Amino acid sequence: MAEMMYWEAIRRAHDEEMARDPLVICMGEDIGVAGGTYKATKGLYEKYGPERVIDTPISENGYTGLGIGASFLGVRPIIEIMSVNFAWLATDQIVNTAAKVRYMSGGQLEAPIVVRSPGGTAHQLGAQHSARMEKVFMGIAGLRVVTPSNPRQAYGLLKSAVRCNDPVFINEHELMYNMKGEVPDEEYFHPLEGSEVVRSGRDVTLFGYNISVHWALAAADRLAREHGIEAEVVDLYALKPLDRDGIRDSVSRTHRAVIVEEAEPAVGVGSEVMAIINEECFYELDAPPVRVSARDVPIPYNHRLEKAAIPNPDEVVDAVLRMFGKK
Amino acid sequence: MTSENKSQLSLDAKKRLLREMLFARRFEERCYEAYVERKIGGFLHLYPGEEACAHGVLEAARVGHDYVITSYRDHVHALKSGVDAKAVMAELFGKVTGTCKGLGGSMHIFGVANRFMGGYALVGGPFPLAAGIAKGIQMQGGDEICICFLGDAANNQGTFHESLNMAKIWNLPVLYVCENNLYGIGTRIDRSTAVIDQYKRVSGYNIPARQVDGQDVEVVYEAAREAIDHVRNGNGPYFLELMTYRYRGHSMSDSNAYRTKEEERMWSKRDPVIMLRDRLIEEGAITDDDYKAMDTGILDEIENEIIRFAEESPEPPLELLDKYVLAENDPWVHGGPK
């Protein structure tokens, strides 16, 4: 088991899949000669050439649609959209074509594409470079949405997504590309459905995904150390479909739930997890579930305001303490 | 100019084309009736007036070998691509025997076995899909091309510009056919578009482009032959603009009140079916009685075979409702084959 960075894990998955299958290609802005904004395709242009590592024009809807069309003929495109803020422009092709073509053709065509894109609030990138789009894609029938919280998942989810016959949106994070973590030395395929209990606890479940898993883990450490509260942390690496069984099982053990999400609260992961708790295990609850979400604002530029707009571990701790009547 | 030197089409081919185009006309007219009878639901976009476009271009293509993709006005492109007319009508009736088992409808006819890659309902949506199909062809080294039929109004979408640009820089084997019927839904082209001649817009992408009469199937055929040769020989994309006219509104929900009777009369004098018929009669290849017998035969086939098939076919079972949303039993969802 070697340690590698999140970007290295993604790069390794690209490299292995491209070496295995000549129809696997990758495309996106600056991914070839420049090696990728976050280095996820570094060195692949030199290894596989311009036909398979394609520097695209800045035409997100166009090149996403092109990837979809190629996938109709057996090509397996990994499409990098440099920032999810630009993926809004490609929602037409992702939603109207990729998600629906198998259905509306009665099973004649499918669009096995992977769209990878970093979302989230990073370092003062301003309102138009700080979007969180997972909530948009997880609402669409016919798509899969996964979001890696560590290098092992980043590697294994991409490996599985390339081979899966459904269109898969992989929500990465601008702040996580340099995160280090262990990745299996042998080939590893992470499931595209399910969830992982990353910390066991009996008192409350903290649900997180992507970067918010780390906020939840930091909060759980403090809760244990300072307040004697043992929190379970569940990593919802699959957002579409969400893991109903995993959510029910954990809440049935702890009887309390807090959902930690980087996005605005409305129509998001938190509201969806709360709905599932309602439907699956309402009578297991000892307290109403709570969301810790971003503020309902466009992300501001100013550093202090930016930090105030998104959740942090302290807010998670406070939410749990309120739930236990300790604050 | 007689038809002998108008195109390289043989007399037999022209007679067959006349039957195919008349069939397409009658098929669409019968769809109109079935829509009024509420046998067909949703939106219905009909093709009468534009028959020479699909027929002229695809006559010059290798049907079943080349890939075809188009918009929501897709019935006739499917028929000329070899998709079974009974399955197309059954799809319109929402039946399980339809091309897409009743899940697609009029705007989404697919016939992938015939390489008819479907009708898509977002205006301009197929532009990049066609470029992608061409990329798939290019990567696998085949001599197929992709032919993308769209209307003039689609050219006001960003996908038009994005796709022409990518098709050119990557030298993709794609032929874009613009059926310029002068209206985008109910808005006349000069009110919506800065340039009426659409082929001129393509010069910005360094792609060869040409405009021809879209009402004369022989003219369309010859222009398409040249265009297809260009693309198939590895010279990259080509843009062919066909000047045409649709007799009906944009869809059945369109009152068609935005056009003058005078304009409609003018175009009806250039009806693609009648022009070909008159030419063949003039040349002595068929008689008026032959034509009438052909028409009667077509009407009979549509009513007694095609409509009957659609009427008598069963509805899709409810189990189909969630069948094609995600791949069935895909092992990679669960970490790979065990």
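What is the percent of Cα-Cα separations in the stretch A:2-183 that go past 21 Å? Counting pairs separated by more than 21 Å, the tail of P(r) holds 44 percent. Note on chain A: helix-only mean residue ellipticity at 222 nm, from DSSP H runs of 4+ residues weighted -39500 (n - 2.57) and normalised by residue number, equals -10500 deg cm²/dmol. Rg ratio for chain B: its Cα radius of gyration over 2.2 N^0.38 Å, N being its residue count, equals 1.00.
For chain A, take the longest principal axis of its alpha carbons; what is the angle in degrees between that and the long axis of helix A:313-323, to the nearest 10 within 0 to 90? Helix A:313-323 sits at roughly 40 degrees to that axis. Each of B:VAL195 and A:ASP185 was given a label point 7 Å from its Cα along the Cα-to-Cβ line. The distance between the two points is 6.1 nm.
Here the stretch B:264-329 and the stretch A:25-86 have alpha carbon centers that stand 43 Å from each other. For the stretch B:1-84, the spread of Cα coordinates along the three principal axes comes to 46, 27, 19 Å, biggest extent given first. Using θ = phi - 60° in the Karplus curve 6.51 cos²θ - 1.76 cosθ + 1.60, the 3J(HN,Hα) couplings for the stretch A:191-201 round to x, 8, 10, x, 8, 10, 7, 9, 8, 8, x Hz; x is entered for Gly and Pro. Enter the Cα centre distance for the pair the stretch A:97-120 and the stretch A:158-216, rounded to the nearest angstrom. Value for the Cα centre distance between the two parts: 21 Å. Here the stretch B:78-192 has an Rg and Dmax of 15.5, 43 Å, counting Cα atoms alone. Ordering B:ILE147, B:ILE274 by the number of other Cβ atoms within 10 Å of each residue's own Cβ, fewest first, gives B:ILE274, B:ILE147. Nothing charged except the Cβ atoms of Lys and Arg (+1) and of Asp and Glu (-1): what's the magnitude of the dipole of the protein assembly as shown about its Cα centre? Round to the nearest 20 debye. It works out to roughly 880 debye. For chain A, the ratio of Cα radius of gyration to the globular rule of thumb 2.2 N^0.38 Å stands at 0.99.
Taking each DSSP H run with n ≥ 4 as -39500 (n - 2.57) and averaging over every residue of chain B yields -12000 deg cm²/dmol at 222 nm.
Applied to the stretch B:322-338, the Karplus parametrisation 6.51 cos²θ - 1.76 cosθ + 1.60 on θ = phi - 60° returns per-residue 3J(HN,Hα) values of 10, 6, 10, 6, 10, 4, 7, 6, 6, x, 6, 5, 10, x, x, x, 8 Hz, with x for Gly and Pro. Relative contact order of chain A, taken over Cα pairs closer than 8 Å and 6 or more residues apart, is 16 percent. By the Stokes-Einstein formula, at 1.002 mPa s and 20 °C, the stretch B:230-287 with its Kirkwood radius over alpha-carbon pairs has D equal to 144 µm²/s.
Between the alpha-carbon centres of the stretch B:209-260 and the stretch A:221-261 there is a gap of 59 Å. Simple rule: put +1 on each Lys or Arg Cβ and -1 on each Asp or Glu Cβ in the protein assembly as shown, find the dipole, and look at A:TYR301, B:LEU129, B:THR287; the Cα lying farthest toward the positive end is A:TYR301. In this simple spin-label approximation, B:ARG16 and B:TYR258 carry label points 7 Å from Cα along the Cα→Cβ vector, and these lie 3.9 nm apart. The convex hull drawn around the Cα atoms of the stretch A:196-323, when projected onto a plane and averaged over every direction, covers 7.4 nm². Taking other Cβ atoms within 10 Å as a rough exposure proxy, B:ASP197, B:ASP152 sort from fewest to most as B:ASP197, B:ASP152.
Ranking B:ALA227, B:GLY64, B:HIS45 by Cα position along the charge dipole of the stretch B:11-334, where only Lys, Arg, Asp and Glu carry charges on their C-beta atoms, puts B:ALA227 farthest toward the positive end. Evaluated with a Cβ-only charge set (Lys, Arg +1; Asp, Glu -1), the stretch A:2-183 carries a dipole of roughly 380 debye about its Cα centre, given to the nearest 20. Applying D = kT/(6 pi eta Rh) to the protein assembly as shown, where Rh is the Kirkwood radius over alpha-carbon pairs, T corresponds to 4 °C and eta to 1.567 mPa s, the Stokes-Einstein value obtained is 48 µm²/s.
Each value in this text was obtained by applying a stated rule to the coordinates, not by laboratory testing. These numbers come from a predicted model, not from an experiment. FYI the Cβ positions are ideal-geometry reconstructions off the backbone, even for glycines, and counts take in every protein chain you see.
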